Amino acid sequence: MAGDLPEYYFRIRENGAAVFKVDTENRQRRIEMDQIAVVNIKNGEVKPQGERKLTQADMAEIEGWMARRTALLAQRDIDDIHRAVDYLNLTTHWVQSKASDAQLENVTDALLLAMHDLRSVLVRKKAERMLAETPQGETD
């Protein structure tokens, strides 16, 4: 088992991770984890733990993890939005076929405001993209 363990372990935190170096080459053959750094994914900051100096190998592993983690979080954001579209469709079906008057009274204003806000932002962003794609001097 010990031979299968990675050299580094990343304990996920709110904005990044605590980075540990995994050691299985000790006399007791126990798994030891020595914290070497704290990573902030939002601002890219890597703080060595204590007086430790990170090696090039440490930094390469940390930077690789940061790139993979950032890509994973971006993918999760898109997945969440696709799920939101599904929920909107399910909500429409619920409103049309199952909701009671009391239930509709409970949610209608909040849904209308949220949908109006979302629509306004989507329309503005779409217009900005369309303007950015139009070559200068070209008009209809």
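Cut-off is 10 Å between beta-carbons; in what order do TYR8, TYR87 appear when sorted fewest neighbours first?
On the way: TYR8 19, TYR87 11.
Least crowded to most crowded, the residues run TYR87, TYR8.
Give me the net charge of LEU54's neighbourhood, meaning all other residues with Cβ under 11 Å from the Cβ of LEU54; Lys, Arg count +1, Asp, Glu -1. Walk me through the numbers before you get to the answer.
Values: positive: LYS21, LYS47, ARG52, LYS53; negative: ASP58, GLU61, GLU63.
Charge balance in the 11 Å sphere: +1.
Within the chain, how many lysine pairs that are 8 or more places apart, or on different chains, have C-alpha atoms less than 28 Å apart?
So the count of such lysine pairs works out to 6.
Using each residue's phi in region 34-44, evaluate 6.51 cos²θ - 1.76 cosθ + 1.60 at θ = phi - 60° and report the 3J(HN,Hα) Karplus result to the nearest Hz, with x for Gly and Pro.
Here the 3J(HN,Hα) series is 10, 5, 10, 6, 10, 10, 10, 6, 5, 10, x Hz.
Quote the relative contact order of the chain in percent (integer), defining contacts as alpha-carbon pairs under 8 Å separated by 6+ residues. It would help to have the intermediate numbers written out before the result.
Numbers: 92 pairs, mean separation 15.4, N = 140.
Relative contact order of the chain: 11 percent.
For P(r) over Cα pairs in 10 Å bins from 0, in percent, several values are listed as (i) 9, 22, 19, 17, 17, 12, 3, 0; (ii) 13, 37, 27, 16, 6, 0; (iii) 10, 29, 37, 21, 3, 0; flag the one computed from this structure.
Checking each listed value against the structure points to (i).
Charges at C-beta only: +1 for Lys and Arg, -1 for Asp and Glu. How large is the resulting dipole of the chain about its Cα centre, in Debye rounded to 20? Could the numbers behind the result be given before it?
Values: 20 positive and 24 negative charges, 77 e Å.
With only Lys, Arg, Asp and Glu charged at Cβ, the dipole is about 380 debye.
Where a number appears in this text, it was derived from the coordinates with a stated rule and is not lab data. Computed from a predicted model, the values in this text were never measured in an experiment. Please note: Cβ atoms are built from the backbone with ideal geometry, for glycine as well, and neighbour counts cover all protein chains shown.
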